[in-house]
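Enquirer: Below you'll find the structure I mean.
The values are calculated or read from the model by the stated rules, or taken from the named source; none is laboratory data. Everything numeric here is computed off the predicted structure, so don't read it as measured data. Cβ atoms come from the backbone with ideal geometry, glycine included; neighbour counts cover every protein chain shown. Keep in mind that these areas ignore ligands, DNA and RNA; they rest on the heavy atoms of the full protein, side chains included. Shrake-Rupley method; radii C 1.70, N 1.55, O 1.52, S 1.80 Å.
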Amino acid sequence: MAQFEKRLPLLGQKYIEKMQLPQKLAFTKMEGIGNDYVYVWLENLDTPLTDPAPLAVFMADRNYGVGGDGLVLIGKSKKADFRMRMFNNDGSEGNMCGNASRCVGKYLFEHKHTDKTAITLETKSGIRTLLLTVEKGKVKSVTVDMGKPIIKPADIPMKADGDTFISKEIIINGQKVKGTGVSMGNPHFVVPMPDIASLDLPQIGPFFEHHEIFPERVNTEFIEVVSRQRVRMRVWERGSGETLACGTGACAVLVACALNDYTDKKACIELRGGELVIEWAEDGIVYMTGPAREVFSGEIELL
């Protein structure tokens, strides 16, 4: 029988030494309605870890690493109670992840980094507030202040004129498709479809992600409006492909639906991994409420 060559390690000794990482790294695997990340506590999130991308690719690898949609680094902040950085499984850094931020709140409380039930969290998209619902010492759900939506195309960013991009057409693989552009710290394009269950997202998702109108790529949400209080969605995330859930995507869906008068300003968003309650409140801020769950903790050898 032919012998397979031994697979080379994804991280080399020089990288480990330069980044001052231990050869065994402690981690916690967590998920928020199926959006799963690997969570690592580091006191300082910038120095010496100046290049987290290779670590993210390794940790998120579902065959050779821990496995997940990406890597979330948690540490101390000079601007808030704590700070998070999140990386997709291709190594690219995201601005914000709603599902991950809920998990961060649960992680910080249950791993004894804080006893607060209202936590400020520094993200690449600004400081967010996490409100923890705790029962018998366990975090049952987390409400996240997701900030105010951005709907001006230049700020999403999109290469389009005007103050909004609401139910307008773009050409995808030769076909006209209507959608609404929203940023919730990450760029999103929300597209109504009659039957999202039958969509071949691996085939069509990349056409949206890499469309020239989105200079920083885009997350695309394909939606079915069930009622004014319920919407189904599937998501193709830039850098990750289809995922079971996307918190910023669910917020973008609610905002897009409200702008198009498909729904009220509070609705249940039904994702493949579970449900989130999203509210676009009178103060202009979008609030997301949902669960978070620790799957397991351990150590992984980096070489």
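Enquirer: Quick one: in the range 282-297, of everything that is among the charged types (D, E, K, R) and in a loop (DSSP other than H, G, I, E, B), which residue is farthest from Leu130 (Cα to Cα)?
Expert: If we take residues in the range 282-297 being among the charged types (D, E, K, R) and in a loop (DSSP other than H, G, I, E, B), then Glu282 is farthest from Leu130 (Cα to Cα).
Enquirer: For the range 228-276, name all the residues that are assigned to a loop (DSSP other than H, G, I, E, B), aliphatic (A, V, I, L, M) and within 17 Å of Met146 (Cβ to Cβ).
Expert: Ala245
Enquirer: Give Asp155, Asp163, Asp145 a once-over and let me know the one that is closer than 27 Å to Glu43 by Cα and of a type outside the set (Phe, Trp, Tyr).
Expert: Working: Asp155 fails: closer than 27 Å to Glu43 by Cα; Asp163 fails: closer than 27 Å to Glu43 by Cα.
Testing whether each residue is closer than 27 Å to Glu43 by Cα and of a type outside the set (Phe, Trp, Tyr) leaves just Asp145.
Enquirer: Determine whether Gly162 is part of a loop (DSSP other than H, G, I, E, B), open to solvent by 20 Å² or more (accessible area, probe 1.4 Å) and at positive phi.
Expert: Judged against the criteria, Gly162 is a match.
Enquirer: What's the number of the only condition in (1) within 21 Å of Ser240 (Cβ to Cβ); (2) open to solvent by 60 Å² or more (accessible area, probe 1.4 Å) that Asn219 fails to meet?
Expert: Against the list (1) within 21 Å of Ser240 (Cβ to Cβ); (2) open to solvent by 60 Å² or more (accessible area, probe 1.4 Å), Asn219 comes up short only on (2).
Enquirer: Also: What residue, of Gly205, Gly284, is out of contact with any Ser or Thr (no Cβ under 9 Å at 6 or more places or on another chain) and open to solvent by less than 30 Å² (accessible area, probe 1.4 Å)?
Expert: After applying the criteria, what remains is Gly284.
Enquirer: A further question on this structure: Inside the range 83-154, counting only strands (runs of 3 or more DSSP E) that do not spill past its ends, which hold 3 or more residues that are charged (D, E, K, R) and in contact (Cβ under 8 Å) with a residue 60 or more places away in the chain?
Expert: none
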